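What follows is a single structure, written as structure tokens, with notes after it.
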Amino acid sequence: MRVLLLNPPGARTYIRDYFCSKTTKSNYLFQPIDLVVLSGVVGSRHEVAVLDCIAEGLSPDEARARIDSIAPAAIVALVGSVSWPEDKRFLADQAERGRRIAAIGDVLHERSAARLAEEPWLDCALHDFSSEDVLHWLAGEPERVLDATVRLPLGIDERRIGKKRGEFRPPPPRHDLFRHELYRFSFARRTPFATILTDYGCPYPCTFCVIGTLGFKTRPVEDALREIDLVRSLGITELFFLDQTFGVVKQRGLELCRGLEERGGWSWTAFTRPDAADDERLAAMKRAGCHTVILGVESADDGQLAAYKKGYEVEVVRDAFRRVRRHGLRTVGTFIVGLPDETADSLRATLRLAVELDMDFMSLNMAVPRFGTEFRARAIELGLCDPDDLVMDQGGEDAFLPTRTLSREEMLDLKKELVRKFYLRPGWLARRALDVRGPRELVRQLREGWALLSRNT
């Protein structure tokens, strides 16, 4: 069967990825990890094609023409709460053209049976892109589906197995099907780059994050290294590891780093947690080619960190940033702003902490009530969001939460103020200029900076 993996067109640059959706905060756009993993799974038994309409900048009419030229029998599409009205219209049209439609995304992570009931064009909502459920659906074997919502002749069947544990072994992704030259990543030292996933979900319980609701599964290190070898055969030596905490299983992380170090010549970025960034792991990452570490700071307030189950305090964050710098790695600090108890004073405390930590880059994410999270239930309870309102955007371009004391407009204005004050410091600008390695990276950094500041003025 010919199957198309589709990132649908959109009026804006949407990031639909890993049960999250948002507008890009600057100029970045990486390969959607759902489609990357599914390319190997679907491609193991079917003729598979990939069309990323966001990366290619296709209009709906252009996308329809391209899909017609591919002539798939079935489409597996990304969808997102941030783009749901557009996604529905486009995919309903594809169903009218006789194509079976499966979809995956945050808007289907909760109440998926109700979504299928509302949308007759949708045949299947996948709940796990790392499993073989998509193959069973394509084969017309719904009885073998374990973790998806499927439309059957006698009704809709929502099947969930809860949080996953253990190991997963998807076939190697088909990175050759992605147009890598179209993707952009703020922290990449080289282009093109590839996005890699070596584990699925997250073992930590942060209440505002959807990834912790998925459970936690790991791939064998030899499988991940086999995929990385295939990436190198395409001439790509820059990687973005999308694991939520790189090396969270310490010995496994060290083994992966040894494999990268032995191969040599790699350049990469990864996420980790402040309490997982110990000297042994950081030294191994550095030797293996890591140049940038993204750490979740989230808040400058220990009370907020405890309330949202981060599992560490601000002093742990300070120590981690000192260690990362000592190992010669660039630092990115991510913050979530606009939680219910957020105030103008707490936001300014966030800026002071970002400056104190001497981080190379700061990423501010608006608090949004992600489907399936404890935070969503709490926000509904407090009357901060409507349970029927599906549109949300942590990038801050569209819908996000007010707080108990700040309106959406006040939150957005304060967020923009923080971004400007952090990135327009003369000392920061001088350091970034000295850190740039070559004209290509300079051009990328200028584009990213312009895009970021233009969205925050």
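The values are calculated or read from the model by the stated rules, or taken from the named source; none is laboratory data. Fair warning: this is a prediction, and the values are worked out from it, not measured in the lab. Counting neighbours? That spans all protein chains shown, and the Cβs are built from the backbone with ideal geometry, glycine included.
In this structure, is ILE54 touching a strand residue (DSSP E or B) at 6+ places or on another chain (Cβ under 6 Å), surrounded by fewer than 20 Cβ atoms within 10 Å (Cβ to Cβ) and in contact (Cβ under 8 Å) with a residue 40 or more places away in the chain? Answer is no for this residue.
Could you say whether any residue in the stretch 47-67 is outside the structural domain of ARG219 (by TED's automatic domain parsing), farther than 30 Å from THR373 by Cβ, of a type in the set (Gly, Ala, Ser) and in a loop (DSSP other than H, G, I, E, B)? Yes, the stretch 47-67 contains a residue that is outside the structural domain of ARG219 (by TED's automatic domain parsing), farther than 30 Å from THR373 by Cβ, of a type in the set (Gly, Ala, Ser) and in a loop (DSSP other than H, G, I, E, B). Summed over the stretch 93-130, residues that are farther than 27 Å from ALA63 by Cα and surrounded by 23 or more Cβ atoms within 10 Å (Cβ to Cβ) total 0. Taking helices (runs of 4 or more DSSP H) as the structural unit, those lying wholly within the stretch 279-348 and holding at least 1 residues that are touching a helix residue (DSSP H, G or I) at 6+ places or on another chain (Cβ under 8 Å) and β-branched (Val, Ile, Thr) correspond to 314-326.
Take the conditions (1) out of contact with any Cys (no Cβ under 7 Å at 6 or more places or on another chain); (2) under 17 Å from TYR183 (Cα atoms); (3) assigned to a loop (DSSP other than H, G, I, E, B); PRO9 misses just one of them, which is (1). Determine if the stretch 312-321 includes at least one residue that is touching a residue at least 24 places away in the same chain (Cβ under 8 Å), crowded, with 20+ Cβ neighbours inside 10 Å, assigned by TED's automatic domain parsing to the domain that holds TRP428 and farther than 30 Å from LEU384 by Cα. Scanning the stretch 312-321, I find at least one residue that is touching a residue at least 24 places away in the same chain (Cβ under 8 Å), crowded, with 20+ Cβ neighbours inside 10 Å, assigned by TED's automatic domain parsing to the domain that holds TRP428 and farther than 30 Å from LEU384 by Cα, so the answer is yes. Applying the criterion of being crowded, with 22+ Cβ neighbours inside 10 Å and not aromatic (Phe, Trp, Tyr) to the residues of the stretch 228-241, the residue that is nearest to PHE271 (Cα to Cα) is LEU239. Residue-level analysis places PRO170 among those that are outside the structural domain of VAL42 (by TED's automatic domain parsing) and buried (at least 18 other Cβ atoms within 10 Å of the Cβ). Here is the figure for the stretch 173-191: residues that are touching a strand residue (DSSP E or B) at 6+ places or on another chain (Cβ under 8 Å), charged (D, E, K, R) and either surrounded by fewer than 21 Cβ atoms within 10 Å (Cβ to Cβ) or closer than 27 Å to VAL436 by Cα (or both) total 4. The set of residues in the stretch 37-51 being under 19 Å from GLY10 (Cβ atoms) and either surrounded by fewer than 21 Cβ atoms within 10 Å (Cβ to Cβ) or in contact with a Lys or Arg (Cβ under 7 Å, 6 or more places away or on another chain) (or both) consists of LEU51 alone. Kindly establish whether ALA148 is at negative phi, surrounded by 18 or more Cβ atoms within 10 Å (Cβ to Cβ) and of a type in the set (A, V, I, L, M, F, W, C). When the stated conditions are applied, ALA148 passes them. In the stretch 400-457, the qualifying residues are those that are at pLDDT 70 or above and aromatic (Phe, Trp, Tyr), and the one that is nearest to PHE208 (Cα to Cα) is PHE422. Here ALA92 passes the criteria (1) in a loop (DSSP other than H, G, I, E, B); (2) of a type in the set (A, V, I, L, M); (3) over 21 Å from the mean Cα position of the chain (by Cα) except the one numbered (1).
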